[in-house]
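Everything below concerns the one structure shown next.
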Amino acid sequence: MTVFAVEYRYDASTASRRDEVRPDHRGWLATVAEKGQLLVSGPYEDGTGALLLFKADDPDSLHTLLAEDPFAVEGLLAETNTVAWTPVSGSLVSQF
């Protein structure tokens, strides 16, 4: 499996709708984490987006998974960037 860094970017105009959908989004994240696919996630402090680390077989399976996120389903992501990432040092390396 490959580790992917995923960056979500939000448009300020969707903030109130994201607040409404956030419980479903976080529920989805919890389910994906329980399956071992989501390693860690969290929003940027300034509210402009979030960073998520996933394990996936390949980019296609990652994109299929991301399409299930309620934020994606509801059209609340202004931009999603993904890149394969190789962790080599630090306290989290043993988890990969």
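With the checklist (1) surrounded by 14 or more Cβ atoms within 10 Å (Cβ to Cβ); (2) assigned to a strand (DSSP E or B); (3) not small (Gly, Ala, Ser) in hand, flag the one item residue 28 doesn't pass.
Only one criterion is unmet by residue 28, namely (2).
Do you know which of the residues in region 41-88 that are without any contact (Cβ under 8 Å) to a residue 40 or more places away in the chain and assigned to a strand (DSSP E or B) is nearest to residue 17 (Cα to Cα)?
Checked region 41-88; the qualifying residue nearest to residue 17 (Cα to Cα) is 43.
At pLDDT 95 or above, of a type in the set (Val, Ile, Thr), in contact with a Phe, Trp or Tyr (Cβ under 9 Å, 6 or more places away or on another chain) and within 25 Å of residue 94 (Cα to Cα): is that true of residue 21 in this structure?
Here the answer is no, as residue 21 does not meet what is asked.
Taking region 31-40, which residues are assigned to a loop (DSSP other than H, G, I, E, B) and under 17 Å from residue 92 (Cα atoms)?
Scanning region 31-40 gives 36, 37.
From (1) within 12 Å of the chain's Cα centre (by Cα); (2) free of Cβ contacts under 8 Å to residues at least 40 places away in the same chain, pick out the condition that doesn't hold for residue 91.
(1)
Within region 57-69, which residues are within 12 Å of the chain's Cα centre (by Cα) and surrounded by 11 or more Cβ atoms within 10 Å (Cβ to Cβ)?
First, the residues of region 57-69 that are within 12 Å of the chain's Cα centre (by Cα): 62-63, 65-69.
Of everything in region 57-69, those that are within 12 Å of the chain's Cα centre (by Cα) and surrounded by 11 or more Cβ atoms within 10 Å (Cβ to Cβ) turn out to be 62, 63, 65, 66, 68, 69.
Yes or no, residue by residue, for (1) of a type in the set (Gly, Ala, Ser); (2) surrounded by 11 or more Cβ atoms within 10 Å (Cβ to Cβ):
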| site | (1), (2) |
| --- | --- |
| 21 | no, yes |
| 35 | no, no |
| 42 | yes, no |
| 71 | no, yes |
| 78 | yes, yes |
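Report the residue count in region 1-55 for those that are of a type in the set (Gly, Ala, Ser) and within 16 Å of residue 79 (Cβ to Cβ).
From region 1-55, those of a type in the set (Gly, Ala, Ser) are 5, 12-13, 15-16, 27, 30, 33, 36, 41-42, 47, 49-50; that's our starting set.
Imposing the further condition that a residue be within 16 Å of residue 79 (Cβ to Cβ) reduces the set to 5, 12-13, 15, 47, 49-50.
Total satisfying the criteria: 7.
The values are calculated or read from the model by the stated rules, or taken from the named source; none is laboratory data. These figures come from a predicted structure and were not determined experimentally. Neighbour counts run over all protein chains shown; Cβ positions are idealised from the backbone, glycine included.
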